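Input: a single structure, listed below in structure tokens.
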Amino acid sequence: MAHFGVVAPAFFSHFNALEALAGELAARGHRVTFLQRPDAAAFLRDPLAAFHAVGADRYPAGSLAASLRRAANPGGPLGLRGVILDMARSTDMLCHALPRAIDALGIDAIIADQMEAAGGLVAEGLGIPFVSVACALPVNREPGIPLPVMPFAYADDARGHQMVEGSTRVYDWMMGPHRRSIDANARRLGLGGRGALHECLSPLAQVSQTIEAFDFPRRALPPHFHHVGPLRRPNGRGSAPDHAPMPAIAPGRPFVFASLGTLQGQRFGLFKRIATACRALDAQLLVAHCGGLDAGQERALERHGATWVCAFANQGAVLAHADAVVSHAGLNTVMDAISARTPILALPIAFDQPGAAARVVHAGIGLKASPRFAGSATLRGQLARLLGESSFATRLEAMSSSVETAGGAARAASIVESALGLGQVRESVAAGG
């Protein structure tokens with residue numbers, strides 16, 4: 001049996017997905033240890049996964065909160081640069097700290113989140129095998145495919161390709177601090193020049209939470225790239241505490257679920273517009289703010305039209321009953337909505353959410369609107385379409401079937417074992433691509 005080290009950015013949503021894969025590997029007899037700054041230990045809930053703190057000299061306990069606040073509200077160009085600098089510093093810290101930790105712990109292989117270059121760089125530098133996992137939209141690049149952070153639609157024509165090329169140049173320029181961190185550490189580790197996340201991916205296996213039908217048309221993914229669908233824990237093992245009970249949904253009225261994820265749940269004004277829109281539609285609304293609002297704001301949302309307001313809800317169970325979901329278009333929520341056949345109103349805020357929202361529209365499984373500029377009337381109109389037009393449900397039906405057969409965490413674990421030559425190749429590896 002192997003000892004896996006997991007290297008991921010210090011975000012709950014990434015730990016949440018990778019913890020499902022870690023639990024599956026642990027259930028098969030492997031050891032799994034997450035390696036990150038000390039505060040990230042709070043993200044782990046499954047007792048089958050261990051945690052080892054690194055970088056405490058640079059990131060003492062309590063320092064993560066400031067980074068998360070910047071990530072949630074980057075604001076203008078200076079704020080965005082702060083987020084990019086945080087990424088660069090984190091990669092640099094991990095590239096310096098991981099080799100010693102990997103050696104001390106006796107780690108045999110790395111599971112590297114695509115969004116943290118250090119996992120792949122250090123594994124390659126040390127000569128140990130690694131597998132890349134895309135918890136967000138895949139960073140794999142190819143001509144004509146907009147980067148995950150870009151909000152525009154797919155267009156296989158000259159103008160579309162020009163938009164992709166131009167936006168990619170702007171993105172790479174903005175990411176200069178991160179590029180320099182990746183390049184400096186790659187050279188220090190003896191790897192030669194590297195400059196971007198897509199240049200730090202595994203040559204053995206790459207696993208994605210997406211399904212092929214959700215992404216824009218891809219033509220150049222490597223043969224060792226696998227769409228496995230959502231990485232989720234079986235039977236709720238390690239699930240978040242304090243889930244609100246399932247509300248008593250009244251029959252005969254639409255039921256809408258609204259969640260903006262773990263980083264954006266403090267956006268009271270946006271939730272208020274959603275609540276006002278649902279009231280105008282006579283729709284029941286459950287808001288889950290992930291701890292971002294206080295009790296007074298919860299009561300205010302109820303006055304504006306929310307039927308129920310809570311910190312955390314059992315997202316899978318709620319989506320199974322919802323007629324529509326209003327979301328920030330985080331990939332975890334989008335994939336859960338597809339699995340539950342729930343139409344999506346995407347309000348993308350940051351990171352890969354604009355790209356996920358564009359893919360929601362491209363796939364015909366939902367609509368998108370601006371979280372900043374869309375008023376309650378616009379949101380009401382978009383929700384009315386989702387609740388009234390059958391085309392969304394038709395497309396979701398076919399896509400949900402793809403999720404069901406993709407294999408999830410169990411297939412991802414089999415792919416990892418197969419790529420690293422660990423034991424017998426399991427049948428689930430052969431299920432789909």
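The values are calculated or read from the model by the stated rules, or taken from the named source; none is laboratory data. Bear in mind that the values here come from a model prediction, so they are computed numbers and not experimental data. Virtual Cβ from ideal backbone geometry, glycine too; neighbours counted across all protein chains shown.
Scanning the stretch 16-73 for residues that are part of a helix (DSSP H, G or I) and either assigned by TED's automatic domain parsing to the domain that holds residue 290 or free of Cβ contacts under 8 Å to residues at least 12 places away in the same chain (or both) returns 42, 66, 69. Among the residues of the stretch 101-129, just one is over 30 Å from residue 164 (Cα atoms), in contact with a Leu (Cβ under 7 Å, 6 or more places away or on another chain) and assigned to a strand (DSSP E or B), namely 109.
Taken residue by residue, the stretch 146-157 has no member that is in contact (Cβ under 8 Å) with a residue 40 or more places away in the chain, touching a strand residue (DSSP E or B) at 6+ places or on another chain (Cβ under 7 Å), in the same structural domain as residue 34 (by TED's automatic domain parsing) and surrounded by fewer than 17 Cβ atoms within 10 Å (Cβ to Cβ).
Quick check: anything in the stretch 176-197 without any contact (Cβ under 8 Å) to a residue 24 or more places away in the chain, aliphatic (A, V, I, L, M) and part of a loop (DSSP other than H, G, I, E, B)? Within the stretch 176-197 (the criterion being without any contact (Cβ under 8 Å) to a residue 24 or more places away in the chain, aliphatic (A, V, I, L, M) and part of a loop (DSSP other than H, G, I, E, B)), the answer is no, since none of the residues qualifies. Looking at the stretch 368-384, which of its residues are in contact (Cβ under 8 Å) with a residue 40 or more places away in the chain, surrounded by 18 or more Cβ atoms within 10 Å (Cβ to Cβ) and in a loop (DSSP other than H, G, I, E, B)? Once the filter is applied, which keeps residues that are in contact (Cβ under 8 Å) with a residue 40 or more places away in the chain, surrounded by 18 or more Cβ atoms within 10 Å (Cβ to Cβ) and in a loop (DSSP other than H, G, I, E, B), the stretch 368-384 yields 371, 374.
Any residue in the stretch 201-217 that's part of a loop (DSSP other than H, G, I, E, B) and surrounded by fewer than 23 Cβ atoms within 10 Å (Cβ to Cβ): show its pairings with residues that are at pLDDT below 95 and of a type in the set (Asp, Glu) at Cβ separation under 7 Å, as long as the two are six or more apart or on different chains. From the stretch 201-217, no pairs qualify.
When you check residue 267 against the structure, is it of a type in the set (Lys, Arg) and either closer than 26 Å to residue 153 by Cα or not assigned by TED's automatic domain parsing to the domain that holds residue 399 (or both), yes or no?
Details: of a type in the set (Lys, Arg): yes; either closer than 26 Å to residue 153 by Cα or not assigned by TED's automatic domain parsing to the domain that holds residue 399 (or both): no.
So residue 267 does not fit the description; no.
Residue check: is residue 164 crowded, with 19+ Cβ neighbours inside 10 Å, more than 21 Å from the chain's Cα centre (by Cα) and free of Cβ contacts under 8 Å to residues at least 24 places away in the same chain?
Values: crowded, with 19+ Cβ neighbours inside 10 Å: yes; more than 21 Å from the chain's Cα centre (by Cα): yes; free of Cβ contacts under 8 Å to residues at least 24 places away in the same chain: yes.
It is true that residue 164 is crowded, with 19+ Cβ neighbours inside 10 Å, more than 21 Å from the chain's Cα centre (by Cα) and free of Cβ contacts under 8 Å to residues at least 24 places away in the same chain.
Annotation note: of 386, 396, 379, the sole residue that is touching a strand residue (DSSP E or B) at 6+ places or on another chain (Cβ under 9 Å) and farther than 17 Å from residue 334 by Cβ is 379.
Here are some residues: 85, 64. Which one is buried (at least 18 other Cβ atoms within 10 Å of the Cβ) and within 29 Å of residue 124 (Cβ to Cβ)?
Numbers: 85 fails: buried (at least 18 other Cβ atoms within 10 Å of the Cβ).
64 is the lone residue from the list that is buried (at least 18 other Cβ atoms within 10 Å of the Cβ) and within 29 Å of residue 124 (Cβ to Cβ).
If you go through the stretch 318-365 and keep only what is on the phi > 0 side of the Ramachandran plot and small (Gly, Ala, Ser), you end up with 329, 364.
Quick one: is residue 325 under 27 Å from residue 251 (Cβ atoms), touching a Ser or Thr at 6+ places or on another chain (Cβ under 6 Å) and either assigned by TED's automatic domain parsing to the domain that holds residue 385 or surrounded by 24 or more Cβ atoms within 10 Å (Cβ to Cβ) (or both)? It is true that residue 325 is under 27 Å from residue 251 (Cβ atoms), touching a Ser or Thr at 6+ places or on another chain (Cβ under 6 Å) and either assigned by TED's automatic domain parsing to the domain that holds residue 385 or surrounded by 24 or more Cβ atoms within 10 Å (Cβ to Cβ) (or both). For residue 141, the criteria (1) in contact (Cβ under 8 Å) with a residue 40 or more places away in the chain; (2) among the basic types (Lys, Arg); (3) within 19 Å of residue 41 (Cα to Cα) hold in every case but one, which is (3). Restricting attention to the stretch 167-200, the residues that are modelled with pLDDT under 95, of a type in the set (Lys, Arg) and loosely packed, with under 14 Cβ neighbours inside 10 Å total 0.
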